[in-house]
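Bear in mind that the values in this text are calculations on the coordinates, not laboratory data. Remember, predicted model here, so these are calculated numbers, not experimental data. Neighbour counts run over all protein chains shown; Cβ positions are idealised from the backbone, glycine included.
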Amino acid sequence: MLFGPPGAGKGTQAGRIVQATGKPQVSTGDMLRAAVENGTELGRIAKGYMESGGLVPDEVIIGLIEERIKQPDAIGGLLFDGFPRTIPQAEALEKIAPVSMVIAIHVEDESIVERICGRFTCASCGEVYHDIFRPCKTESVCDSCNGTEFKRRADDSEATVRNRLSAYHEQTSPLESWYFDRGLLRRIDGNHSIEQVGQEISNLLDE
Ligand code: AP5
Ligand code: MG
């Protein structure tokens with residue numbers, strides 16, 4: 001499980017872990033954004049919470065994960081990115097599947113706004129980029145799939161990021177000690193380069 005504030009690099013590092021381990025990434029944020037784009041009932045419920053930077057209600061998220069865990073590709077294990085985000089979500093997960101490791105990526109609040117406001121992703125494959133920290137190798141061409149369409153998230157404005165940070169500090173960060181108490185937490189410093197953080201994570205996965 002990858003744990004950390006908005007913009008910590010969970011999605012960026014998840015992409016690398018998926019390549020290295022073959023385990024599917026389960027990002028509740030990505031699942032909710034897809035639901036909003038497709039105009040489903042789930043998307044209709046989630047949209048307002050996401051736009052304001054608040055958390056989507058626990059029962060909605062728990063239902064989503066219960067369904068996801070039943071998919072055949074979950075049998076060999078999953079990589080959670082951005083789930084759980086509250087203690088009730090962690091308690092629900094504990095009842096349905098064991099957690100082997102929680103990697104908490106630490107980044108200062110001041111760096112987060114800069115990271116989030118410069119983020120863009122490939123519209124075809126979802127590869128995560130940054131205007132300054134992770135530009136495409138060839139301008140406007142995705143390194144991974146050669147796609148040329150990119151998008152920016154509706155909730156990546158400075159005002160919304162501040163709300164997402166408050167939600168993180170108030171509702172999500174208490175989970176760190178919850179997992180520490182269960183002996184599952186590993187902390188890493190996310191203020192280094194994407195490669196350095198990736199190396200630290202792969203050292204942990206080799207443990
Ligand atoms: P979600 O999509 O999970 O967003 P988030 O937690 O706010 O995290 P982000 O995706 O913004 O950041 P990230 O850590 O993945 O960073 P990234 O790798 O992209 O959730 C969105 C919303 O959905 C929530 O606000 C909530 O409403 C709802 N939601 C989702 N899950 C929920 C749940 N379980 N319960 C309730 N509600 C839920 O990196 C960011 C940028 O920084 C990129 O541009 C990247 O290139 C750059 N970068 C990455 N690493 C580095 C580095 N080391 N150095 C420099 N730049 C870097
Ligand atoms: Mg993400």
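Magnitude of the charge dipole for the chain, about its Cα centre and with charges confined to Cβ atoms of Lys, Arg (+1) and Asp, Glu (-1), is about 280 debye. Taking trypsin sites (Lys or Arg not before Pro) in DSSP loop states with no more than 15 other Cβ atoms inside 10 Å as exposed sites, the chain has its longest site-free stretch at 1-69. A simple charge model with +1 on the Cβ of Lys and Arg, -1 on the Cβ of Asp and Glu and nothing else charged puts the dipole of the range 1-121 at about 320 debye relative to its Cα centre.
Beta bridges from DSSP with both residues in the chain: antiparallel share about 40 percent, rounded to the nearest 5.
Rounded to two decimal places and with Rh computed the Kirkwood way over Cα pairs, what is Rg over Rh for the chain?
On the way: Rg = 16.4 Å, Rh = 17.6 Å.
Using Cα coordinates only, the ratio equals 0.93.
Dimensions of the range 13-103 from C-alpha coordinates, computed as largest minus smallest value along each principal axis and given longest first, are 34, 27, 24 Å. Under the rule a/c < 1.5 gives rounded, and otherwise a/b versus b/c splits prolate from oblate, where does the range 106-207 land using the Cα gyration tensor? Oblate, since a/c reaches 1.5 and b/c is not below a/b.
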